[in-house]
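The values are calculated or read from the model by the stated rules, or taken from the named source; none is laboratory data. Computed from a predicted model, the values in this text were never measured in an experiment. Using ideal geometry, Cβ is built from the backbone for each residue, glycine included, and neighbour counts are taken over all protein chains shown. Accessible surface is based on the protein model in full, side chains and every heavy atom, while ligands, DNA and RNA are left aside. Shrake-Rupley method; radii C 1.70, N 1.55, O 1.52, S 1.80 Å.
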Amino acid sequence: MDPLSAILRFHSWCRGRGKAWSLSGQDGSPAIPAARCAACYGDGQNLVTEDVTVVEGDVATISCRVKNSDDSVIQLLNPNRQTIYFRDFRPLKDSRFQLVNFSNSELRVSLTNVSISDEGRYFCQLYTDPPQEIYTTITVLVPPRNLVIDIEKETAVEGEEIELNCTAMASRPATTIRWFKGNKELTGKSEVERWSDMYTVTSQLLLKVGREDDGVPVICLVDHPAVKDLQTQRYLEVMYKPQVRVSQNYPLQGLTREGEPLELTCTAFGKPQPTDMRWLRVDDEMPQHVVVSGSNLLISNLNKTDNGTYRCEASNAVGKSHADYMLFVYDPPTTIPPPTTTTTTTTTIPTTITDSRAGEEGAIRSVDHAVVGGVVAVVVFAMLCLLIILGRYFARHKGTYFTHEAKGADDAADADTAIINAEGGQNNSEEKKEYFI
C-alpha cells in the first residue's frame, strides 16, 4: 500500500467514526497533525515519537516506536513526504540517513551533519487497520558564527566615556549578549537583525573609564542554547596624570630640629610614566643651601629660616600633579614642640611627621618626676621613724630617774621623813659606808 492510499484509508476510517481532520500539510501535502491523530485514535494510539533539537553539524536521531506491536510495517518519511526508510530498506538516496535499529516495535534512524535545510516535520507511519501516522519535529540550532568586540578608542584618557560594541553574527535563535568588566556585570543595549533564517545581534556598552580600569578586561559573553561559554574580551588601556607622594627619609619618623639634616624623596606614578619632576618652595624662594638631586631634596643643616612648604611637581602627557611637605624646624631637644602635620592638594598623598622624640622626652620626664618623688618619700619616712625612736628613748630614761629618786619614801609619815628615808638620803648613805680593818 502506497503512503497516499494509506492516508486516504485512514481518512475514511476517521470519517466513519465522526472524527474531523485535515489533509493539508507542508506545501499542500497531506498530513495528520499529532493532536488530531490522538483524537481520532483515542487511547488506542500505538505509535510514539519525540521532537528532536540538534545543533547544526551534529547528529539527529529519529525514533518511531510501537507500543503494542502486531508485526505491522513501519516507515519514516521526510518533510517532503518522501520515504526515508520502509522497514529496514532505504529508498531515499541520501547517505546521511543511517539505520540505527529496526524491529517489530521500533524504527530508529540517524541523520548526520544536520543543516538548516533538514529542519521540519518527519512522519512515522504504521500500516495497521486502520493505518496510523504521527510526526516529529526537528529543530536545528545555529551558534553565532563570529563574536567580535569593537572599541571606540584603543587608548582612553581617565574620565572619558568610551563606546564598545559586541556583535554575534548568524545565529539561530537570536543570541543574548552579556557584558562584564572584570567580575562585575554591566548593562548594554542590544539590537537584533534578521537575515533569512538567521539573526545578528549587536550590543552597545557605554563605559566611563578611570585609572583603576587600566589593564582590566572587558568581556562580551553569549547566552545561546547551541553553545556554552562563548566569549571574547578586550583589555582597556587608560592614560592618567601622575600620582605624587613625598616621603621623609631622614630623620626617620623623628622631629626636624635645628642643626640636623633633612632628606625628602618624591615618587610619582602615571601613564605614561612622568618624565618631568621638580622641587619648589611654595610662596618663597628655595634656600641656597638646599640641594636638589633628581627626586631627592637635602638640607644638611636645618635652621628656622627653612620653615615653609616644599612642593614636588610631576607631569606627563595627560596632566600635572603635586604633593606638599610642610617643614617646621624645632629647637634642640629642650622643649616640647607642638604637633605638626603636612597638607596635600590635587592628586597628592598626605605626609605626616610623627613627633616621636617629644613622646620620648615626655616619657623620660614622667620617669624623673616619679623617681624624685619616691626618694623624697623615703627620706621623710626615715626622719619620722628616727624622731619616734628618739622620743621613746628620752621618755624611758626620764621615768627611771624619777623612780629611783622617790624609792623608799612610800611609807613615810610626812615629807621630811620621806626625804630622809628616800634612796640617796643620809641614812642610806650611812648604811653604805664601808669599814676597812
Response to the item:
To the nearest 0.05, the calculated FRET efficiency linking V73 and S196 through their beta-carbon distance, R0 being 35 Å, is 0.35
Worksheet item: What residue among G259, T232, L164 has its Cα farthest toward the positive end of the dipole of the range 139-270, where the charges are +1 on Lys, Arg and -1 on Asp, Glu, each on the Cβ?
Response: T232
Response to the item:
In debye to the nearest 20, the charge dipole size for the range 98-241, taken about the Cα centre with +1 at each Lys and Arg Cβ and -1 at each Asp and Glu Cβ, equals 160 debye
Worksheet, complete the sentence: In this structure, among K228/K271; K189/K241; K271/K304; K184/K271; K153/K241, pairs with alpha-carbon gaps over 30 Å are K228/K271; K189/K241; K271/K304
Worksheet item: Where in the range 294-322 does the amide nitrogen come within less than 13 Å of the point 7 Å from the Cα of V282, taken along Cα to Cβ?
Response: 308-313, 322
Discussion item. Run the paramagnetic zone check for D51: 7 angstrom along Cα to Cβ, then residues of the range 92-121 with backbone nitrogen under 16 Å.
Written reply: 119-121
Item to complete: Considering only protein heavy atoms, with the full assembly of protein chains and a 1.4 angstrom probe, order R81, R245 by accessible area, largest first.
Response: R245, R81
Response to the item:
Whole-percent carbon and sulfur contribution to the accessible surface of the range 109-251 (1.4 Å, no ligands, DNA or RNA) stands at 45 percent
Worksheet item: Order of 309-320, 195-206, 283-294 by packing, highest average Cβ count within 10 Å first?
Response: 309-320, 195-206, 283-294
Worksheet item: At a probe radius of 1.4 Å, what is the per-residue accessible area of Y240, in Å² to the nearest 10?
Response: 40 Å²
Practice prompt. Please list E258, E161 in order of solvent-accessible area, largest first, computed with a 1.4 Å probe with all protein chains present.
Written response: E161, E258
Fill in: the range 116-239 - Rg and Dmax from Cα coordinates, angstrom
21.3, 81
